[in-house]
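Everything on this sheet refers to the single structure shown next.
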């Protein structure tokens, strides 16, 4: 008799954690996607994997789309399902993968939001009076200087940064490590923070950035700090960590034109992921052209 779908999902999660040793963030994404599917199956009295076929996947996908899930999110959801059912094939829960050959509905591709150079300078002109100010300033400088992901910043340890060589080692997606240069301003901010870090009651932890209780800062805490600083610095909208990463990539590509180098610095496995920044660069050039070229606009017809 086939195993219950819920039991299969538990086994699959265990496989992701112990055998594939994926990050907590990646496992959470799989769980979120598969839970959506499990809820739909429960509502339609589908309890076993071998009951499912491609039509069920399409029906569930249509439901998620009507509920407002974007094409990109559905694409990731389908990928999670394919991985789950491939695992099911190996354990003979199913005879074929019902998610194969199904494509997500297309949605408009949104360009990532970035800050221009003036806005970056406005955001980074922070006072560093208290130890919290020093810490926050160092975090923001590192996010922009080295194009870090939020998880990469959160997981930084004291031993990951080489102050003498101005290099930082980060662990990205798939537990892959890469070394990144640290800019002069970011290096200065980190040094200031390390001096003030000793003011905390418990500074024996390995984390580079700590809370007032001496614990490693959580991703949510960092996002909240940036939100507060956005208001304090009079920014036009909320600045989030990934916006600083996008700004890093866009500004670097705009100055160098070296897509491969930007890909390596960002830790993108596929260059197609990095190519979105070429659209941002072209958008910038178009704006410059429109403002500067004497024949960019047609004269009004009389």
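Brief remarks on what is shown
- Helical content alone sets the calculated 222 nm signal of the chain at -17000 deg cm²/dmol, taking -39,500 (n - 2.57) per DSSP H segment of four or more residues and averaging over every residue.
- Angle in degrees between helix 131-146 and the longest Cα principal axis of the chain, rounded to the nearest 10: 70
- Rounded, prolate or oblate (a/c below 1.5 giving rounded, otherwise prolate when a/b exceeds b/c) for the stretch 5-90 by Cα gyration tensor: oblate
- Gain in span if fully extended, residue 273 to residue 13, counting 0.36 nm per residue against the direct Cα distance: 90.9 nm
- Length-normalised contact order for the chain - Cα pairs under 8 Å, 6+ apart - percent: 15
- If you take the Cα centroid of the stretch 72-104 and the Cα centroid of the stretch 219-247, the two points sit 36 Å apart.
- For a label point 7 Å along the Cα-to-beta-carbon line of residue 25, residues of the stretch 154-185 with backbone N under 12 Å: 154-156, 171-176
- Efficiency of FRET between residue 185 and residue 51 - r from beta-carbon atoms, R0 45 angstrom, step 0.05: 0.15
- Global geometry of the chain, whether rounded, prolate or oblate, following the gyration tensor of its Cα atoms and the 1.5 cut on a/c: oblate
- Residue-span extension gain [residue 117 to residue 100] - 0.36 nm each, minus C-alpha spacing: 1.6 nm
Every number here is computed from the coordinates shown, using simple stated rules; none is lab data. The structure displayed is predicted, hence computed values, not measured ones. Here the Cβ is made from the backbone with ideal geometry for all residues, glycine too, and neighbour counts use every protein chain on show.
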